[in-house]
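Since the structure comes first, as C-alpha cells, the remarks are kept for the end.
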Amino acid sequence: MTDVVTYERRGRAALVTMNRPRYRNAQNSAMTYALDEAFTRAVDDNEVAVIVLAGAGDHFSAGHDIGTPERDADTSFPRQAVMWWDHTDKAGADRRYAREMEVYLGMCRRWREMPKPAVAMVQGACIAGGLMLAWVCDLIVAAEDAFFADPVLRMGIPGVEYFAHPWALGPRFAREVLFTGERFDARRAYEVGMVNRVVPRAELESATFALAERIATMPAFGLALAKRAVNQCEDQMGLRAGMDAVFGLHHVAHAHNVEVSENPLAGMDPAAMKRAAS
Ligand code: ZN
C-alpha cells in the first residue's frame, strides 16, 4: 500500500500531493481524510508559510472516485467537517446527504478556510471533483496541458457539490461549462480569471514554487487576514449562501435519479462518462 497523499517540506512551502496516479488521482474518502491530515500538519507547522496542492503523474485529478477498486463510499470515517451523523447505517437521501455534506461540501469549505495560502499546481485533467480541489486553493498555476470540465450534467446533476462555478468562472461561462460538459483548456481558464498563471509543463513546478516563495516573504498573520478578507467578500458576493441553496438542488438530482433509474449517478460510470465526452 502506498500513501494516497504524500507530504513534503520544500523551503517555506508544504507540498501536499494526491498520490493515486494509476487512477488519475481519483478522490476516495481515504484520500479526503489524508488530505485533511496533511493540510492540518501544514497549518500546525510554523515553518510552513504556503501550501502547494499537486497531483502525482500526468493528471491533477479526474474527480471523485466513482469506479476504482478502492472506492470507499460505504466506509465510515470520523467526521471532521460537519456535526452530523455517520452515513453508513442510513438509507436513501439521508445516507447520501450525510456523506456528501461531510466529505465533499464540508471538507472543501474547511480547506478553503485554512489560514495559510494554498496554491494548486495543475497539469493534465482537472475534472469535476478535481475542480473542487483546485477551487478551494487561493491561487491556481496551470500547465499548458491542463484541461478542466464539470460534466456531471450528463448524470442529470447541476454541477459538483462545491458549487463555486459562477464565482470561479463568471456566470456566463459557468453556464457554458455546465450546459455542454465540455473541456476547456488552461488558456481559456486564464481568460476568465479562473487560474493565475499558465506555464509550459516543464516549468510548472519551478513557477509554482517561485510564486510560493514570494508569498512566503509576507507576514504570516497578514496573509491569514488577507485570505480571510477575500473569502469573506466572496461570501458577501453570495458564494456561501449560493452553495447552500445549490447543494439542495444537487441532492434533488441524486434523489430523482434513484427514483427513475435506481442509480444516483443515472447509471453513469467512468467508462460511460468517457464515451459521452468523446
Ligand atoms: Zn453528489
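The values are calculated or read from the model by the stated rules, or taken from the named source; none is laboratory data. The shown structure was predicted, so the numbers you read here are calculated from the model rather than taken from an experiment. So basically every Cβ, Gly included, is an ideal-geometry build from the backbone, and we count neighbours across all protein chains shown.
Per-structure values
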read-out: Strands (runs of 3 or more DSSP E) within the range 89-147 that include 1 or more residues within 16 Å of the ligand (Cβ to nearest atom) and more than 23 Å from T40 (Cβ to Cβ); value: 125-127
read-out: Residue within the range 112-130 that is modelled with pLDDT of 95 or more, surrounded by fewer than 16 Cβ atoms within 10 Å (Cβ to Cβ) and not hydrophobic (A, V, I, L, M, F, W, C) present; value: yes
read-out: Filter result for the condition that a residue is over 22 Å from R10 (Cβ atoms) and either of a type in the set (D, E) or in contact with a helix residue (DSSP H, G or I) (Cβ under 7 Å, 6 or more places away or on another chain) (or both), over P270, P264; value: P264
read-out: Among (1) touching a helix residue (DSSP H, G or I) at 6+ places or on another chain (Cβ under 8 Å); (2) free of Cβ contacts under 8 Å to residues at least 60 places away in the same chain - the single one R96 does not satisfy; value: (2)
read-out: Residue in the range 48-55 that is in contact with a helix residue (DSSP H, G or I) (Cβ under 7 Å, 6 or more places away or on another chain), within 16 Å of the ligand (Cβ to nearest atom) and not aromatic (F, W, Y) present; value: no
read-out: 2 or more residues in contact (Cβ under 8 Å) with a residue 24 or more places away in the chain, surrounded by 14 or more Cβ atoms within 10 Å (Cβ to Cβ) and away from the ligand (no atom under 16 Å from the Cβ): qualifying helices (runs of 4 or more DSSP H) within the range 170-278; value: 186-191, 204-216, 220-236, 239-261
read-out: Near pairs, Cβ below 8 angstrom, 6+ apart or cross-chain, from the range 52-73 (under 26 Å from R96 (Cβ atoms)) to any residue that is within 16 Å of the ligand (Cβ to nearest atom) and basic (K, R); value: D65/R71; A73/R99
read-out: Residue selected from the range 153-169 under the condition away from the ligand (no atom under 13 Å from the Cβ) and of a type outside the set (A, V, I, L, M, F, W, C), by the criterion farthest from the chain's Cα centre (by Cα); value: R154
